[in-house]
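The values are calculated or read from the model by the stated rules, or taken from the named source; none is laboratory data. If you're wondering where the values come from, they're calculated on a predicted model, not measured in any experiment. Note that we place each Cβ from the backbone using ideal geometry, even for glycine, and neighbour counts take in every protein chain shown.
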Amino acid sequence: MIKSFKKRLGILTTVGPTVLWLALFLLIPLAYVIGISFLTKNAYGGVDFTVTLSNYADLFQSEYGKVFADSLLLSLETTVICLLAGYPFAYIIANAPKKWKPFLVLLLMLPFWTNSLIRTYGWNTLLRTEGIINHFLQWTGIIERPLEMLYTDGAVLLGMVYALLPFTVLPIHTSIEKLDPSLLEAAGDLGAGKAHVFTRVILPLTMPGIFAGSIQTFIPSLGFFFISDMMGGAKTMYIGNLIKNQFLSARNWPLGAVLSIVLIVITLILMRLYTRVGSLEDMA
């Protein structure tokens with residue numbers, strides 16, 4: 001009896017804090033958001049405890065469909081660019097001499113030591129019409145008038161790529177480091193050129209890292225509302241901005257909760273698809 005009690009106490013001591021943490025900061029807030037999504041907005045910015053499904057019916061309005069389409073397109077563009085730019089960088093880091101690897105990884109992680117809002121303001125300083133880039137181009141005579149680079153869709157895409165590139169590089173770097181050098185040597189001994197070695201050996205074996213990096217880039221980019229606000233001037237509405245506006249500006253908490261649930265569902269679907277082709281350990 002005492003032995004059984006001690007065993008249960010040990011399990012409770014080990015698992016209890018984790019369960020309590022998940023309950024307080026994940027399950028209870030999620031249940032709260034789901035509950036609000038079925039309530040009705042009142043005239044004073046609060047909610048009335050009247051159950052309705054009209055909030056979910058509002059999702060089928062055309063303007064919300066355009067917001068989701070624009071958000072998915074931006075996330076897809078961000079992911080593709082991060083993959084194209086991040087894979088060579090990850091390959092260079094993985095194959096660099098041992099004495100240089102820590103330094104290169106440090107350069108990759110260095111931006112995380114500074115708040116993302118501050119880094120985004122830095123891009124605003126560079127891209128604005130009176131910014132450093134325009135001043136330099138005018139000083140060299142390349143352009144006569146300042147270019148409109150800030151508050152455009154291109155500026156938003158640049159900000160997304162800059163913020164999320166490390167999330168793509170790190171999983172790919174881990175996959176490349178796990179490659180067995182003997183496989184590459186065997187492919188070379190069998191007459192495969194560098195291009196064939198990359199497409200037939202390296203690329204397939206690093207696919208788990210590619211998928212992990214893609215998921216870690218695609219999902220956050222759906223909700224990064226501050227980048228589009230600061231670098232896009234809120235000219236194009238994305239799902240993250242729409243959720244933020246519903247909670248803070250329009251004071252329509254039920255609709256904001258519905259949109260948040262949709263974003264969570266999209267995330268769960270993507271995670272489920274990823275587990276079919278990779279392992280969650282590759283995201284660590």
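With respect to residue 30, is the statement that it is aliphatic (A, V, I, L, M), part of a helix (DSSP H, G or I), within 25 Å of the chain's Cα centre (by Cα) and farther than 30 Å from residue 169 by Cβ true? Before the answer, list the steps.
Numbers: aliphatic (A, V, I, L, M): yes; part of a helix (DSSP H, G or I): yes; within 25 Å of the chain's Cα centre (by Cα): yes; farther than 30 Å from residue 169 by Cβ: yes.
The answer is yes for residue 30.
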Helices (runs of 4 or more DSSP H) within the range 102-177 that include 3 or more residues touching a Ser or Thr at 6+ places or on another chain (Cβ under 7 Å): 153-177
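Does residue 188 satisfy being over 30 Å from residue 232 (Cβ atoms) and either surrounded by 13 or more Cβ atoms within 10 Å (Cβ to Cβ) or in contact with a His (Cβ under 6 Å, 6 or more places away or on another chain) (or both)?
Details: over 30 Å from residue 232 (Cβ atoms): yes; either surrounded by 13 or more Cβ atoms within 10 Å (Cβ to Cβ) or in contact with a His (Cβ under 6 Å, 6 or more places away or on another chain) (or both): yes.
Yes: the conditions hold for residue 188.
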Condition check for residue 65: surrounded by fewer than 16 Cβ atoms within 10 Å (Cβ to Cβ), part of a helix (DSSP H, G or I), modelled with pLDDT of 90 or more and not charged (D, E, K, R): no
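In the range 228-246, which residue that is of a type outside the set (Gly, Ala, Ser) and touching a Leu at 6+ places or on another chain (Cβ under 9 Å) is surrounded by the most Cβ atoms within 10 Å (Cβ to Cβ)? Outline the logic, then answer.
Step one: of the range 228-246, the residues of a type outside the set (Gly, Ala, Ser) are 229-231, 235-239, 241-246.
Okay, now just the ones that are also touching a Leu at 6+ places or on another chain (Cβ under 9 Å), so 230-231, 236, 238-239, 242-243, 246.
On the way: 230: 19, 231: 25, 236: 16, 238: 27, 239: 24, 242: 21, 243: 21, 246: 20.
It comes out as 238.
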Any hit, the range 74-91, residues being more than 30 Å from residue 178 (Cβ to Cβ) and not charged (D, E, K, R): yes
The range 243-258: number of residues that are part of a helix (DSSP H, G or I) and free of Cβ contacts under 8 Å to residues at least 12 places away in the same chain: 3
Residue that is more than 28 Å from the chain's Cα centre (by Cα), of a type in the set (Ser, Thr, Tyr) and surrounded by 12 or more Cβ atoms within 10 Å (Cβ to Cβ), where the choices are 79, 129, 125, 140: 129
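State yes or no: is residue 166 within 16 Å of the chain's Cα centre (by Cα) and surrounded by fewer than 18 Cβ atoms within 10 Å (Cβ to Cβ)? Spell out the reasoning first.
Numbers: within 16 Å of the chain's Cα centre (by Cα): yes; surrounded by fewer than 18 Cβ atoms within 10 Å (Cβ to Cβ): no.
The answer is no for residue 166.
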Any pair with Cβ under 8 angstrom, 6 or more apart, that starts in the range 151-169 at a residue that is over 18 Å from residue 212 (Cα atoms) and ends at one that is of a type in the set (Val, Ile, Thr) and surrounded by fewer than 21 Cβ atoms within 10 Å (Cβ to Cβ): 153/236; 156/236; 157/81; 159/120
Sole residue being within 24 Å of the chain's Cα centre (by Cα) and surrounded by fewer than 12 Cβ atoms within 10 Å (Cβ to Cβ), chosen from 120, 114: 114
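Residue-by-condition table, conditions (1) closer than 16 Å to residue 238 by Cα; (2) touching a strand residue (DSSP E or B) at 6+ places or on another chain (Cβ under 7 Å); (3) of a type in the set (Phe, Trp, Tyr):
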position: 29; (1), (2), (3): no, no, no
position: 44; (1), (2), (3): no, no, yes
position: 48; (1), (2), (3): no, yes, no
position: 62; (1), (2), (3): yes, no, no
position: 68; (1), (2), (3): yes, no, yes
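Can you say whether residue 213 is of a type in the set (Gly, Ala, Ser), under 25 Å from residue 239 (Cα atoms) and in contact with a Pro (Cβ under 6 Å, 6 or more places away or on another chain), as far as the supplied structure shows? So that I can check it myself, show each step before the final result.
Working: of a type in the set (Gly, Ala, Ser): yes; under 25 Å from residue 239 (Cα atoms): yes; in contact with a Pro (Cβ under 6 Å, 6 or more places away or on another chain): yes.
Judged against the criteria, residue 213 is a match.
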The listed residue being under 21 Å from residue 80 (Cβ atoms), among the β-branched types (Val, Ile, Thr) and touching a Cys at 6+ places or on another chain (Cβ under 7 Å), out of 152, 217, 174: 217
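Can you report the number of residues in the range 188-242 which are part of a loop (DSSP other than H, G, I, E, B) and closer than 30 Å to residue 58 by Cβ? First the steps, then the outcome.
Within the range 188-242, the subset part of a loop (DSSP other than H, G, I, E, B) is 190-193, 206, 224, 233-238.
Then drop every residue that is not closer than 30 Å to residue 58 by Cβ, which leaves 224, 233-238.
Looking only at that region, the number is 7.
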